[in-house]
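As structure tokens, the structure follows; a few thoughts come after it.
Computed from the coordinates by the stated procedures, all read-outs in this text should not be read as laboratory data. Computed from a predicted model, the values in this text were never measured in an experiment. When we count neighbours, we look across all protein chains shown, and the Cβ atoms used for this are built from the backbone with ideal geometry, even at glycine.
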């Protein structure tokens, strides 16, 4: 049966090769694109926001400490009822000026609970110097390396924080630098200062409130169900449950824009490849007029003939898909394990990525659906192309076909 | 006559030829479109960055470029402001004092950069005065007034006429504060600028810092970018003590982006040419195999291998040419049309403003790139012809003519 | 003078397994001005002999000397050039280039010889006239009858002023009238211009017009009669 498509010309093989190329390229490009963005979003989401946050209703639009929500043990333990939720890290956040006395810079002060924070965002693993808090009462500050560099802070130095406290109170305090943190995201690196939750409450002069609570969930794909569940649990007139996409809508949009650009390139690629495959089908149909005539002569129905040709073309397409996948898999796997390191491209590249808050590292995403997507595309494209021989077969007159 | 022969051979299978011509046309068009889009995006980013403050040239105290400390200022007495005013090449000159500060309202606090500007100069060098959406622009005669972006105003929960307290270190290193009243609210559409800056009169901030004749930055906007090298040389001569840099040195990522255009062009080109290569090989191979007996006869009557090879090559090149010219024209037309209407990407506005790009992209493309694409297509045609032509010259006339 | 001399000419297929002799020790001499038919049943070696004489195939053994040149010693490209300059071909079918007109087909060989344009055009016109197709010069093969196509092929074969014309079953696809017409033209060219024709055939009408008939059987010459 396949003799038809491979026999007379090398067109069949060339079509398989071209489809393989398209699939190979599409998989590779999609994997790198998705991998890079996931890596970046993970950096921001996983290492800071958490996949779901609970905030007071007004805090999202007006992130001021005055909009902090009531927060206590009871609310926190009620969330433990959902098995998907692994931990809750309440936070008290506000901007402050950080100073050594000589140098000053703007920072984001985050008061958080040592254990859940570390479980959620692996804060402890971010330490590059010093030690993590001993407990809730620890009054030491953990400072991001970018902040420390900027104002010349060393481990053990005293950090002066000045801000506006709760409901207009004055906030000022001195804290020993207990540890230095390094984040993947340059944005975080430049502005984070961590205190324990009680220390921060004292600093901001708050009691029984938190600005947000990051929810740790077992599997990030369960985020929608957890979000829904939390919405039923909490008083939605006072609290808002915010999934990560809403917290960083600009990044999500930027990712979509990038993906749209990629899809355009892929669409053009597949379109050009389709032209080539169509050329093959065209010739195949013409060359096999005689054979089709004979087959109809010996009693094959038109639809059977059409079915046969469709099967051949689909087989051709899927063979190309399989080859493309086989070729791309090792490459994608390699780059998943050993991400591209753009710092090799020079300081300017690193600086550019930093400017956009990205780590200059591009890992590939090894996701089955990227592979599957190509198979689906090729299946539909080839099915569409198979309409042409079918139309020819419908109009085929056996006798004249055999005479030609 | 070989060309005539080649030309007529193309039209022996018009459908097949049109399919490959269509593919090549599509490829060229897509290449032109995608790349012009990229160029448009990059241009919009670069133009945005230049317009929204970087300018074409900047002058700083050399130390300030190393580390943005408030103490690394220069005296405005050294600036030949009167001479600049009459310089025909200059569109605008903006002298700025830059200070890292905390901006506090009665409700919230944020870290910002205070830009102390001369209202007239700033309005000539940047579009700031035209980006006021509420209230009015800074007035040099009004003391302690401030303009703030819509975004930041929302975050600080302030309105027109609200009071904002700016807290920062003065030249002596003392923490100092000043109260400013909001006279205007602007919206540049660039998230980084909107979220990170407030503008005040330079003299007001200088007074708080403790030196009335200081500035950290002068930014120059040129009327015509081609005068940049000459202007840079002139400024370097005028201001021997200061560091004069063009926009590429100030923001190395801009240079990287401009360089990125060629890289993108190459990547797109290779992808599309590879896809076309498959189609061309396929088509020409079919054309050769179909004419096996005829080619045998031609070699029998004395057509030598070089001529047979040449004929196949010319056929392929002609096919490419037929596609190339309308493809380029179509691409050029599309770019010409879109460069006036623009492509509206407001669906991704958040993502775009995140990266400092405008929501309407005006595609454009350098003439050199059209030429490059034309050469790439010819090269692809030649590469695509090699295997089929080789196949043709390897045939043995006797065997070829015996073949059915 | 001999135009073609073959000595001890053999052509063996599958020499290593089951050898099949297409030609066995053929000695044949053809002199200028002959009008010779090579005849014999299918598979007797007619086409193989013609192909070897025409430099399209190489003998397994023996020698072919055409106009003083041992064509067995030529490289592929030299052979192509030799064919172009010394041999005119008329094949059974697929003789003409379908996308070129009759005139252009005749000119084509001269083009390959790099002859100047005016000379090409003049000679092509002359040749077409000599095969009685002056009025068909601008038609393409598909617009002409089989007989007309073969006459164009003869004109084309003569275009390069070859030493001789080889025709492999030139009338195989023609009707009786066309066959007679083609043979008339070939005979006329032979008699009036002294052009040497060697053709294979198993058509009795063609054989009867030949001046010399060489009969092959199982790759050997079994009869050689001059009339």
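Once the Cα atoms of helix C:146-159 and of chain C are each reduced to a long axis, what angle between those two axes, in degrees from 0 to 90 to the nearest 10, is obtained?
Once rounded, the angle reads 80 degrees.
Which FRET efficiency value, to the nearest 0.05, is calculated for residue C:17 and residue C:225 with the Förster distance at 35 angstrom and r the Cβ-Cβ distance? Intermediate results must be reported in sequence, preceding the final value.
Numbers: r = 37 Å, r/R0 = 1.05.
Efficiency, rounded to the nearest 0.05: 0.40.
Taking just the alpha carbons, could you work out the radius of gyration and Dmax for region B:273-348, both in angstroms?
Computed over the Cα atoms of region B:273-348, radius of gyration and Dmax are 20.0, 67 Å.
Among C:215, C:17, C:180, which one shows the highest mean-square fluctuation when chain C is modelled as a Gaussian network with alpha-carbon springs under 10 Å?
Result for chain C, Cα springs under 10 Å: C:17 fluctuates most.
Mind ranking C:145-157, B:159-171, B:271-283 by how tightly packed they are, going by the mean number of other C-beta atoms within 10 angstrom, highest first? It would help to have the intermediate numbers written out before the result.
Details: C:145-157: 24.1, B:159-171: 17.5, B:271-283: 25.6.
Ranked by mean Cβ neighbours within 10 Å, highest first: B:271-283, C:145-157, B:159-171.
Dividing the convex hull volume of the alpha carbon atoms of chain B by its residue count, what do you get in Å³ per residue? The partial results should precede the final answer.
Numbers: hull volume 70.7 nm³, N = 404.
It is 175 Å³ per residue.
Computed on alpha carbon atoms, what radius of gyration and Dmax characterise chain A, expressed in Å?
30.2, 99
Quick one: among A:86, A:289, A:55, which has the greatest mean-square fluctuation in a GNM of chain A with alpha-carbon springs under 10 angstrom?
With Cα springs under 10 Å in chain A, the top fluctuation among A:86, A:289, A:55 is at A:289.
In region B:18-32, which residues have a backbone nitrogen under 19 Å from the label point lying 7 Å from residue B:383's Cα in the Cα-to-Cβ direction?
Label zone hits: B:20-21, B:23-32.
Please compute the contact order of region A:119-202 in relative form: average sequence separation of alpha-carbon pairs under 8 Å and at least six residues apart, divided by the residue count, as a percent. Don't skip to the answer; put the middle values down first.
Details: 140 pairs, mean separation 35.4, N = 84.
Relative contact order of region A:119-202: 42 percent.
For residue B:2 and residue B:364 in one chain, what is 0.36 nm times their gap in residues minus the Cα-Cα distance, to one decimal in nm?
Working: separation 362, 0.36 × 362 = 130.32 nm, distance 3.95 nm.
That pair, residue B:2 and residue B:364, stretches by 126.4 nm at full extension.
With r defined as the distance between the Cβ atoms of residue B:321 and residue C:114 and R0 fixed at 25 Å, what FRET efficiency is calculated, to the nearest 0.05?
On the way: r = 26 Å, r/R0 = 1.03.
According to the calculation, E is roughly 0.45.
Residues of region B:232-247 with the amide nitrogen closer than 12 Å to a label point 7 Å from the Cα of residue B:65, along Cα-to-Cβ, please.
Inside the label zone: B:236, B:241-247.
In Å and whole numbers, how far do the C-alpha atoms of region A:64-209 stretch along each principal axis, longest first?
48, 35, 26
Give me the inter-chain shielding for A:193-204: mean count of other chain Cβ atoms within 10 Å, whole number please.
Details: counts 0, 0, 0, 0, 0, 0, 0, 0, 0, 0, 0, 0.
Mean inter-chain Cβ contacts per residue within 10 Å come to 0.
Roughly what would the spin-label model give for residue A:42 and residue A:233, points 7 Å off Cα along C-beta, in nm?
According to this spin-label approximation, the distance is 2.6 nm.
Can you work out the FRET efficiency for the pair residue B:72 and residue B:236, with r the C-beta to C-beta distance and R0 = 30 Å, to the nearest 0.05? Numbers along the way, then the final one.
Numbers: r = 19 Å, r/R0 = 0.63.
Between residue B:72 and residue B:236 the formula returns 0.95.
Just rank A:248, B:10, fewest to most, by other beta-carbon atoms within 10 angstrom.
Values: A:248 18, B:10 22.
So the ranking, lowest neighbour count to highest, is A:248, B:10.
Round to the nearest 10 and give me the degree value, 0 to 90, for the angle of helix C:102-112's Cα axis relative to the longest principal axis of chain C.
60
If the label point is 7 Å along Cα→Cβ of residue C:27, which residues in region C:62-83 have backbone nitrogen under 16 Å from it?
Only C:62-65 pass the distance filter.
Extending each Cα 7 Å along its Cβ direction at residue A:158 and residue B:341, get the distance between those two points in nm, one decimal.
6.7
How long, wide and thick is the protein assembly as shown, going by the Cα atoms along their three principal axes, in whole angstroms, largest first?
Sorted largest first, the three principal extents are 132, 74, 47 Å.
For chain A, what is the relative contact order in percent, using Cα pairs closer than 8 Å and at least 6 residues apart in sequence?
Values: 669 pairs, mean separation 106.1, N = 404.
26 percent.
Relative to the first principal axis of the alpha-carbon coordinates of chain B, what is the inclination of helix B:228-238, with its axis defined by its Cα atoms, in degrees from 0 to 90 and to the nearest 10?
Roughly 30 degrees between the two axes.
If you build a Gaussian network model of chain A, linking Cα atoms that sit under 10 Å apart, which residue out of A:141, A:129, A:81 swings the most?
Comparing A:141, A:129, A:81 in a Gaussian network model of chain A, the most mobile one is A:81.
Averaged over peptide C:111-122, how many Cβ atoms belonging to another chain are found within 10 Å of each residue's Cβ? Please list the in-between numbers first.
Numbers: counts 5, 8, 1, 0, 0, 0, 1, 0, 0, 1, 0, 0.
Going residue by residue through C:111-122 and averaging, the value is 1.
Would you calculate the separation in nanometres between label points at residue A:340 and residue C:142, each defined as 7 Å from the Cα along the Cα-to-beta-carbon direction?
5.0
To the nearest whole number, what is the average tally of beta carbon atoms from other chains within 10 Å of the beta carbons of peptide A:155-168?
Numbers: counts 0, 0, 0, 0, 0, 1, 0, 5, 4, 9, 1, 0, 2, 2.
Other-chain Cβ atoms within 10 Å of each residue's Cβ, averaged: 2.
Normalised by the number of residues in chain B, what is the relative contact order in percent for Cα pairs under 8 Å and 6+ residues apart?
Values: 692 pairs, mean separation 107.9, N = 404.
Contact order relative to length: 27 percent.
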